[in-house]
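Engineer: If you scroll down you'll find the structure; I have some questions about it.
The values are calculated or read from the model by the stated rules, or taken from the named source; none is laboratory data. Here the structure is a predicted model, which is why all the values come from computation and not from measurement. In this analysis, Cβ positions are derived from the backbone assuming ideal geometry, glycine residues included, and neighbour counts consider all displayed protein chains. When the accessible area is computed, the model is the full protein with side chains, heavy atoms only, and any ligands, DNA or RNA have been set aside. Shrake-Rupley method; radii C 1.70, N 1.55, O 1.52, S 1.80 Å.
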Amino acid sequence: MLQEEPIRFLVLLGLFAALQSGAQDPRIGSWTLITAQSSLDPTNQLSITPLHDGVHVVMSGATHLDFTANWNGHKSSAPGNLGFDQIELHRINKRQVEVKEEKGGALVATVSERVSNNGDELTSSTSAAGKADQITLWTRSGGPKVAGDPFAGEWTQDLSKSRLRQGLMLKIEPDNNGGVRFLGDFSYAARFDGKQYDLKDSRNDTVALQLIDPHTVDAIYRRDDQITQRDRWVVSSDGHQMTLTSAGTLETGQRFSENLLFKKQ
């Protein structure tokens, strides 16, 4: 019985981290610059295509860019581009991405890209030292819009495939600010930026979320500034199941590890 109550707590925390992991990059597709509302002229074309662990970006027209960037949290080499030679991607939330451009190891620009709620418009804001921010607006000319989030909805623990038979029922929903929200015995709101967010009515103090790939997310929990557990959530390709692998240390000092399976209702 020492493990069951903490594990129920761990499951609910970890589930929140999974909400955004199944959502693809909303920028995927082709885009045309809205010249009248943007800084660039003449009109440019932008193409963003998915890779196994990242994206390939090509811009043609007055400005030319061509690079591949990964979602693994590491910098990606981007040779052949005049303004930068390295790229670093960070997914902020379901509709927003931050791009850091570096040249010779120094940061030269930070680009914040946000897709509209209907998926038809992309706004890009570029900040660079000593220069005014540059805003560019794009309209979708091809490719899919944001896919439905397979993690959103109600889930029930599969007792036939779980050692801990607690019959957990969970509900997940997106936050209006672009993050994720869980309401239950405890609650928190967090974004996928690796920063620590406070937990309410919880034995842990904070949680930090990081997307590993479109179907995997890691969550790191801390208590008294010490890491107490690490969770990994994975959603199945058909969207009907999700699994949690959790490991950490209880308040008593006891180590634990668990694998749990949930079915979508």
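Engineer: Among the numbered conditions (1) open to solvent by 30 Å² or more (accessible area, probe 1.4 Å); (2) modelled with pLDDT of 85 or more; (3) of a type outside the set (D, E, K, R), tell me where LEU2 comes up short.
Structural biologist: (2)
Engineer: Here is a further query. So, in the range 175-188, of the ones that are closer than 20 Å to ARG91 by Cα and open to solvent by 50 Å² or more (accessible area, probe 1.4 Å), which residue ends up modelled with the highest pLDDT?
Structural biologist: Ranking the candidates gives ARG181 first.
Engineer: May I pose another question? Given the criterion more than 23 Å from ASP53 (Cα to Cα), surrounded by fewer than 20 Cβ atoms within 10 Å (Cβ to Cβ) and at pLDDT below 90, identify the matching residue among GLY239, GLY253. Before the answer, list the steps.
Structural biologist: Values: GLY239 fails: more than 23 Å from ASP53 (Cα to Cα).
Residue meeting the stated conditions: GLY253.
Engineer: Given the criterion within 24 Å of TRP71 (Cβ to Cβ) and not in a strand (DSSP E or B), identify the matching residue among ASP238, ASP231. Give the derivation first.
Structural biologist: Values: ASP231 fails: not in a strand (DSSP E or B).
When all the criteria are applied, what remains is ASP238.
Engineer: Answer with yes or no whether ASP198 is farther than 22 Å from GLN229 by Cβ, open to solvent by 90 Å² or more (accessible area, probe 1.4 Å), at pLDDT 70 or above and of a type outside the set (A, V, I, L, M, F, W, C).
Structural biologist: Spelling it out, it is not the case that ASP198 is farther than 22 Å from GLN229 by Cβ, open to solvent by 90 Å² or more (accessible area, probe 1.4 Å), at pLDDT 70 or above and of a type outside the set (A, V, I, L, M, F, W, C).
Engineer: Let me ask something else about it. Touching a strand residue (DSSP E or B) at 6+ places or on another chain (Cβ under 6 Å), modelled with pLDDT under 75 and either open to solvent by 50 Å² or more (accessible area, probe 1.4 Å) or among the basic types (Lys, Arg) (or both) - does that describe any residue in the range 38-47?
Structural biologist: Checked against the condition, which is being touching a strand residue (DSSP E or B) at 6+ places or on another chain (Cβ under 6 Å), modelled with pLDDT under 75 and either open to solvent by 50 Å² or more (accessible area, probe 1.4 Å) or among the basic types (Lys, Arg) (or both), the range 38-47 yields at least one hit.
Engineer: Also: Is there a residue being exposed (fewer than 15 other Cβ atoms within 10 Å of the Cβ) and modelled with pLDDT of 85 or more anywhere in the range 140-155?
Structural biologist: no
Engineer: If you don't mind, another one. Pick from ILE212, ILE220, ILE172: which is hydrophobic (A, V, I, L, M, F, W, C), at pLDDT below 70 and more than 12 Å from the chain's Cα centre (by Cα)? Break it down stepwise before answering.
Structural biologist: Values: ILE212 fails: more than 12 Å from the chain's Cα centre (by Cα); ILE220 fails: at pLDDT below 70.
Just a single option satisfies the conditions, and that option is ILE172.
Engineer: In this structure, does LEU137 turn out to be closer than 29 Å to LEU250 by Cβ and either at pLDDT 85 or above or surrounded by 14 or more Cβ atoms within 10 Å (Cβ to Cβ) (or both)?
Structural biologist: Details: closer than 29 Å to LEU250 by Cβ: no; either at pLDDT 85 or above or surrounded by 14 or more Cβ atoms within 10 Å (Cβ to Cβ) (or both): yes.
No: the conditions fail for LEU137.
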